[in-house]
1. What distance in nm lies between label points placed 7 Å from Cα along the C-beta direction at Ala347 and Ala394?
2. Tell me which of Tyr666, Leu302, Leu523 sits at the most positive position along the dipole axis of the chain, charges placed on C-beta atoms (Lys, Arg +1; Asp, Glu -1).
3. Place +1 on the Cβ of every Lys and Arg and -1 on the Cβ of every Asp and Glu in the chain, take the dipole about the Cα centre, and give the residue among Met314, Phe214, Val242 whose Cα lies farthest towards its positive end.
4. Using the beta-carbon distance between Asp573 and Asn13 and R0 = 60 Å, what value does 1/(1 + (r/R0)^6) give for FRET efficiency, to the nearest 0.05?
5. Evaluate the distance, in nm, between pseudo-label points positioned 7 Å from the Cα of Gln37 and of Gln581 along their respective Cα→Cβ axes.
6. Check Asp379: other-chain or 5+ apart residues with amide H under 5 Å from its amide H, H built from backbone geometry?
7. To the nearest 0.05, what FRET efficiency results for Asp482 and Lys47 with a Förster distance of 56 Å applied to their C-beta separation?
8. Give a residue-ordered list of calculated ³J(HN,Hα) values for region 397-403 (Karplus: 6.51 cos²θ - 1.76 cosθ + 1.60, θ = phi - 60°; whole Hz; x for Gly, Pro).
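What follows draws every value from the coordinates through simple rules; no lab data is involved. What you see is a predicted model, and the numbers here were worked out from it, not measured in a lab. Methodologically, a virtual Cβ is constructed for each residue, glycine included, from the backbone with ideal geometry; neighbour enumeration extends over all protein chains shown.
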Amino acid sequence: MTELKVLILDDNNLTARAIANVAEFIGLSAKVTSDFQGFLDILHEWKPHYLIVDLIMPDMDGVEVLGELGRMQVDAQLIITSGAGQQLLHAAARSAGAHGLNVLGILPKPFNPKAFRDLINAETTSNADNAFGQQLRAENQANTLNVSELEQAINNHEIYLVYQPKVSCISGSLTGFEALARWHHPEKGFISPEKFIPLAEQNGLIDDLTLQVFEKALGFMKQIQNAKSSLRSYNRGLLLSVNISAASLKNLGLFKKIETLCETNQIKPDQLILELTETAAMDDPVMSLDLLTRLRLRGFRLSIDDFGTGFSSMLALVRMPFSEVKVDKTFVMTSADSRESRLVIKAIIELAHSLNMQVAAEGIEDNMALELLRKMGCDQAQGYFIGRPMLPEAFIEWTKKSYQHIDLQRLKHLHGLGLLDTEPEHRYDRLTKLCARVFNVDISLISFIDENRQWIKSSLGFSQRQTERSVAFCNQTIAQEDIFVVPDTLLDRQYVNNIMVTSAPYVRFYAGCPIHARSGEKLGALCLKHSKPREFSESDKVLLKQLTEMVEQEIEYNPLLDEDKLTGLLNRDAFERRAQQLLTIFVPLKKNITMYYFDLNNYKRIIHAHGISAGDEAIIHFSRLLSETFTDTELVARLVDDEFVVLCVGDPVANSLKNLADAVHYYNSTVSPHLNIEYTVGIASSHSMVNIDLQSLYMYADTDLHEHKSI
Ligand code: C2E
Ligand code: CA
Ligand code: CA
């Protein structure tokens, strides 16, 4: 028998040696080189059967190498390797094929010995005669499945499920789990779904199997949601992901049955994510689009699984109504070493986000990958580092531990921030007032959840400073990543008997958005309550989220940076950052924005007559009167010297200017006649402006101020 020879061209000696070792282990003889001329020499003399060529080398262009080999009409079997990512490898393989080369396959880096063995083995099982080959053939035989066995297994309900957790990249808390099918053959042992799923697909068994998966998974979902423990509230917002084969997309009846199963288990379709591979969706784009749109309309969430491995254009896919993109694990697993992988991930995240889709990364095997993905803005993470696929009982245990762990982290952080048991602060009160006003609700709260209670940092329409944790709606909100809404508490089993519902304030409607610390932990919630039931639209959610970001910014508040030293008001920078945010939120909503620009007329005279400290005194008093008058107004700031600004969302409170005038007058006549503060105000209102931005507001207000001064 002739010896099979493999020649490896790779500038990385370590990888080259690793490949050579595996090759030798399979019984091939291997040679390694890192320069093209050497490669050509060995090729001519040694006449290898296999060539393994690295696509990216510092002083050589891999594609040119392929072109050269094509011109030489080399007939050895070619394997292309690279860390460049699947897409590029596939492109290179196609181009090599077009050059007339025999392309055996591609090998992504980092080098995976098994993938390599599979490639060679697929080709050599017929002629290689060595221990490894024999062993592999034996394994293959053991795993040779016949359809009737699988059919029997399905009929006997031998297929069971394991569940793999999916967590938020930001807060680390559980957001959902994926159901994965398992089969343990009585004699052949564990059989990978990668084997039996395709078999089921090819033999018309997949729909029966899928239906069983749904039966089991929905039953499990119902079980954990109705658990009597405190876990119930945590489990309420969890999403269940289930894999759907391409073949099933033709079967409308299957989805009808899935819907019925949801009803019988009291699971809403929007608690489900149907995972489809990219190729499945693009098999028959027109029909898929049709069916997928219908599923979306019924409430199901849809995810593109293994994204990035297929050949379909991203744009074609994004026209489909997906709610999530799952970055394929090959990119995630190589993200630390491969710049290409990182670029692909980054592009997927940007594209998905621009289309309002969530991004999940699978195959997170270490903390480094998790951190990297988190920094890149990925939303969800799944992988061995977070949790392996687990049997139901083990999964429940895992969730308990995970909740405890997350809550401990959260509490540590919350206590560290020193927000609990503090005095009310204007900065927060202005936001709760704004919230109540724009949503037109009875109650708005900023609350933080500690071990046993809900501490209310700021409230409108609610007088208690704290409640028990167990009765707080916000305790549910912090268990979720997203906004939590109860449109009508009387229709909600969890809340119908809640003390806030059965007695004052008789809450009928609740909506809350989790407040995150910068490091990701959920501290509490910005929430709305109302005495009548209500719907909460997608645009309401966006608005509440934006306002929550403003609360988060206040938590980051740093007196040293944000405060005017003399008056304690916001300084110019801090004002402008907040004003910008308010404009971004409210200009598109066509809310009127009013700016008042104040200037003391006699500041210089006061200093001249009574000295610097009298000037300071005037500034301090004026700023106090200003913030006392504009308590309901969003921003009050000192810009510079004797110039102040007030920014107000919506129509300004009637009489505030008159009240200020009265307050200043009273102050001048009784408290401090010698200072006799005089001021002028200029007003700008966004309703009368074409381009509404901060600069224009300043400009209009300033013009108005000078008109008043000159009178
Ligand atoms: P998938 O949908 O991409 O599922 C993810 C696979 O990645 C699972 O393999 C999971 O165990 C594995 N995985 C998760 N985290 C990591 C990690 O950190 N590192 C690595 N190396 N792997 C990780 P599994 O369970 O063997 O499933 C393989 C494939 O079989 C699935 O890929 C899916 O396409 C298919 N499959 C499994 N269950 C079903 C099912 O019920 N229906 C259908 N249609 N397909 C299924
Ligand atoms: Ca999947
Ligand atoms: Ca996948």
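1. According to this spin-label approximation, the distance is 3.8 nm.
2. The listed residue farthest towards the positive side: Tyr666.
3. Phe214
4. Once rounded, the FRET efficiency stands at 0.65.
5. 6.4 nm
6. HN-HN under 5 Å from Asp379: Val359.
7. Efficiency, from the Cβ-Cβ distance: 0.35.
8. Once rounded to whole Hz, the list reads 4, 4, 4, 4, 4, 5, 4.
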